[in-house]
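Visitor: Have a look at this one before I ask anything.
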Amino acid sequence: MRKWATPDGPVTLYPSGWLENSIDVLVPHTMHFFGGDPHGGYLISLTDQWVLLPVDLSMFKVIAWTPVDHWPCPPQVLTFCQRPNVHAVAMSKFGHGQLSEAGVMADYAPLAVDTTLYKPTTHVEIGGEMVPAREMLDIPESADFVVAMVGMSKDPNDRKGFNAAFRAFGRFWREHQNSVLYVHSDKFGLAGSMLNMSELAKHAAIPPHAIVFTNPYALQMGWSPQMMAALYTTADVLLSPSKGEGFCVPLIEAQACGTPVIVSDFTAQPELVGCGWKIGGSLEFDTHQSASYMNADISAVAQALMAAYDKKDNPDTAKAIEFAAAYSVERVYAEHWAPIIDGLAVSEPAADKPKMRLVDVIVPYVRPSNTKRLTESFKATNDGSAHLVYGQTAKDTKRRSYAENVNDALTRSDADWVFVCGDDVEFTPGWLEAARELSDRYDVIGTNDSTPERIRNPLVANGSHADHFFVRRSYIDEEGASLEGPGILTPEVYRHWYVDREIIELAKARGVFAPCLESVVIHHHPGYDGNEAARDADPLYSAAVAGADADLKTWIKRAPLVAGHRGR
């Protein structure tokens, strides 16, 4: 661990772990940074989110800065981003659209480039001397057209499209033999692709004198931004026919240096072209991600190289630089990240609402096995202001859904607040009083289902979600606690699951939700208590599980509507 000095103060840099993506040290590093308090801040993950699925991050508040480099968004990415403790931020407009279509509420913030460093650069300081960029790059003097490729060669599926690029350049070179291809990448595929680019160049009919690779040692040690800017400036065009991109920073870096780009017209790439050419292709199914890549059409790439060659003496340098300026660090922060951060800040609403007086505790369904614990703990902790209201008992013959039972019980409630819970709960001292302290500021208050000795649902325990909650009656009557509108507490479009998710996420979007971790109503779900047999044998739980997939699909359709309430 070391400190990195910045104008705003030192930044702690932690060492990488043994496992790929450092997933073995992510949790301890975060806990150390937060001083042992998992709620001490936000963990921002900047990686393929599916690689984090094996890591238990449920105790943290996570901002997932998410790349989407397939179509449609891969299921594993959605699985991570749909977690209640995860706030998704798409790094491309394409990704934002894909997440939204899949029901993930997400913000948008692109990656950024330091345009004070990435700018037209013809010379680089080496050993105290200013060396011409072409000399640093070992570009042959005879070359009158330079095509550059910049990308990691670590994917066995050749995601960066080296095959298409090399073969297209081979065709192009036959007509323009004073051209050269400069490749800033792993020449031998040691990073994971196992793609020997020298062999690929032979098969693509590129002669040895027409292709230049960055020195492998220099590549491994890393180039300075000034050296990269010199490469981009020297190039007449950046060639990037990737099969899919979550963003592709080199496209912006190159244009910031005044260099046009050639890209695949797929995923994030086309939105990053202010000066250049977009290439079509054919879809290729990626079994690992259960989604598709796109193979760029080799003939179309060669034609784009021809078009770039025709423009080499009159490039749209100013146009490229102006476009890249929208992705400068300063503008990306001011226009995208600052509003996101402001939205995350917990602002204490004014205490201008009536405090909770009476509470009707709605229990949608009561099973005989749970009656004693429920009623005895309720009586022992009730200060006299709460009353039990049942939706359905085991004696009722007509089976209704969870949401239907809650709404039915609401018709028999006249309290100014209701509390929704299952019959498998245990009330603890102070559950009413703690929530009442927040009731003059919020309309929906979530309770904690755990004790310090035993965490049940980590998302509830960290305040990201609530499966049992108080709701102000006037909020239900005037706005509606769900998307169904005024007068409706629970959305009956679900069979069981995602009812609480919609209510809580909608309240969050409206800015009227607060978790109250001091209000503890223990959830004795058989699954939490390790009694899987009891859970599977219970018809109520079995019915909920049977409808889980249908409920998820319903939530996916409705989640964007919930997100639409942000900032209203």
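Yes/no per residue for (1) in a loop (DSSP other than H, G, I, E, B); (2) not basic (Lys, Arg):
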{"site": "LYS202", "(1), (2)": "no, no"}
{"site": "GLN220", "(1), (2)": "no, yes"}
{"site": "MET228", "(1), (2)": "no, yes"}
{"site": "LEU231", "(1), (2)": "no, yes"}
{"site": "GLY244", "(1), (2)": "yes, yes"}
{"site": "ILE252", "(1), (2)": "no, yes"}
{"site": "PRO270", "(1), (2)": "no, yes"}
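Visitor: Pairs only if they're at least six apart or on different chains, beta carbon under 8 angstrom, first in region 315-338 and within 30 Å of PHE145 (Cα to Cα), second of a type in the set (Asp, Glu) and surrounded by fewer than 17 Cβ atoms within 10 Å (Cβ to Cβ); list them, first residue then second.
Guide: SER328/ASP114
Visitor: Residues to consider are VAL89, VAL104, VAL11; find the one that is among the β-branched types (Val, Ile, Thr), modelled with pLDDT under 95 and within 14 Å of the chain's Cα centre (by Cα).
Guide: Result: VAL104 is the single residue among VAL89, VAL104, VAL11 that is among the β-branched types (Val, Ile, Thr), modelled with pLDDT under 95 and within 14 Å of the chain's Cα centre (by Cα).
Visitor: Which pairs have Cβ atoms under 8 Å, sit 6 or more apart or on different chains, and link a residue in region 94-105 that is free of Cβ contacts under 8 Å to residues at least 40 places away in the same chain to one that is among the aromatic types (Phe, Trp, Tyr)?
Guide: Between residues of region 94-105 that are free of Cβ contacts under 8 Å to residues at least 40 places away in the same chain and residues that are among the aromatic types (Phe, Trp, Tyr), the close pairs are HIS96/TYR108; GLN98/TRP71.
Visitor: Could you list, in sequence order, the residues of region 188-221 that are under 32 Å from the mean Cα position of the chain (by Cα) and closer than 18 Å to ASP138 by Cβ?
Guide: Answer for region 188-221, where residues must be under 32 Å from the mean Cα position of the chain (by Cα) and closer than 18 Å to ASP138 by Cβ: LEU219, GLN220, MET221.
Visitor: Something else about it: Of the residues ALA204, ALA235, ALA218, ALA229, which single one is touching a strand residue (DSSP E or B) at 6+ places or on another chain (Cβ under 8 Å) and assigned by TED's automatic domain parsing to the domain that holds ILE298?
Guide: After applying the criteria, what remains is ALA235.
Visitor: Considering only residues of region 68-89 that are touching a residue at least 60 places away in the same chain (Cβ under 8 Å) and closer than 19 Å to THR554 by Cβ, which is surrounded by the fewest Cβ atoms within 10 Å (Cβ to Cβ)?
Guide: Checked region 68-89; the qualifying residue surrounded by the fewest Cβ atoms within 10 Å (Cβ to Cβ) is PRO75.
Visitor: Shifting gears a bit: Of all the residues that make up region 318-368, how many are modelled with pLDDT of 95 or more, surrounded by 16 or more Cβ atoms within 10 Å (Cβ to Cβ) and among the aromatic types (Phe, Trp, Tyr)?
Guide: Result for region 318-368: 3.
Visitor: Against the conditions (1) assigned to a loop (DSSP other than H, G, I, E, B); (2) at pLDDT 95 or above; (3) crowded, with 17+ Cβ neighbours inside 10 Å, where does TRP497 fall short? Just the number, please.
Guide: Result: TRP497 passes all but (2).
Visitor: Being in contact with a helix residue (DSSP H, G or I) (Cβ under 6 Å, 6 or more places away or on another chain) and closer than 21 Å to ASN85 by Cβ is the filter here; which residues of region 1-44 pass it?
Guide: ASN21, LEU43, listed by residue number.
Visitor: Working carefully through the options ALA550, ALA507, find the one that is modelled with pLDDT of 90 or more, surrounded by fewer than 16 Cβ atoms within 10 Å (Cβ to Cβ) and part of a helix (DSSP H, G or I).
Guide: Just a single option satisfies the conditions, and that option is ALA550.
Visitor: Name every residue in region 274-288 that is surrounded by 14 or more Cβ atoms within 10 Å (Cβ to Cβ) and either at pLDDT below 95 or in contact with a helix residue (DSSP H, G or I) (Cβ under 7 Å, 6 or more places away or on another chain) (or both), in order of residue number.
Guide: GLY274, CYS275, TRP277, LYS278, ILE279 - these are the residues of region 274-288 that are surrounded by 14 or more Cβ atoms within 10 Å (Cβ to Cβ) and either at pLDDT below 95 or in contact with a helix residue (DSSP H, G or I) (Cβ under 7 Å, 6 or more places away or on another chain) (or both).
Visitor: Let me ask you something else. Would region 110-117 turn up any residue that is modelled with pLDDT under 95 and either over 30 Å from VAL180 (Cβ atoms) or acidic (Asp, Glu) (or both)?
Guide: no
Visitor: Where in region 1-66 are the strands (runs of 3 or more DSSP E), entirely inside, with at least 3 residues that are farther than 30 Å from HIS96 by Cα?
Guide: Where strands (runs of 3 or more DSSP E) fall fully within region 1-66 and carry at least 3 residues being farther than 30 Å from HIS96 by Cα, they are 2-4.
Visitor: Moving on to the next point. Give me the pairs, please: first residue somewhere in region 518-532 and part of a loop (DSSP other than H, G, I, E, B), second residue anywhere and at pLDDT 90 or above and hydrophobic (A, V, I, L, M, F, W, C), beta-carbon distance under 7 Å, and either six or more positions apart or on two chains.
Guide: HIS524/VAL425
Visitor: Within region 370-393, is there a residue that is basic (Lys, Arg) and either under 20 Å from TYR475 (Cβ atoms) or at pLDDT below 95 (or both)?
Guide: No, region 370-393 has no match at all.
Visitor: A further question follows. Kindly evaluate LYS319 against the criterion of being of a type in the set (D, E, K, R), over 32 Å from the mean Cα position of the chain (by Cα) and either farther than 30 Å from VAL261 by Cα or in a helix (DSSP H, G or I) (or both).
Guide: no
Visitor: Let me ask you something else. Would you confirm whether or not region 346-360 contains a residue that is closer than 30 Å to LEU432 by Cβ, in contact (Cβ under 8 Å) with a residue 40 or more places away in the chain and assigned to a strand (DSSP E or B)?
Guide: There is at least one residue in region 346-360 that is closer than 30 Å to LEU432 by Cβ, in contact (Cβ under 8 Å) with a residue 40 or more places away in the chain and assigned to a strand (DSSP E or B).
Visitor: Which of the residues that make up region 289-317 are crowded, with 16+ Cβ neighbours inside 10 Å and among the small types (Gly, Ala, Ser)?
Guide: ALA291, SER292, ALA296, ALA300, ALA302, ALA304, ALA308
The values are calculated or read from the model by the stated rules, or taken from the named source; none is laboratory data. The model shown is predicted, which means the values in this text are computed figures rather than measured ones. A quick note on method: Cβ atoms are made from the backbone with ideal geometry, for glycine too, and the neighbour counts reach across all protein chains shown.
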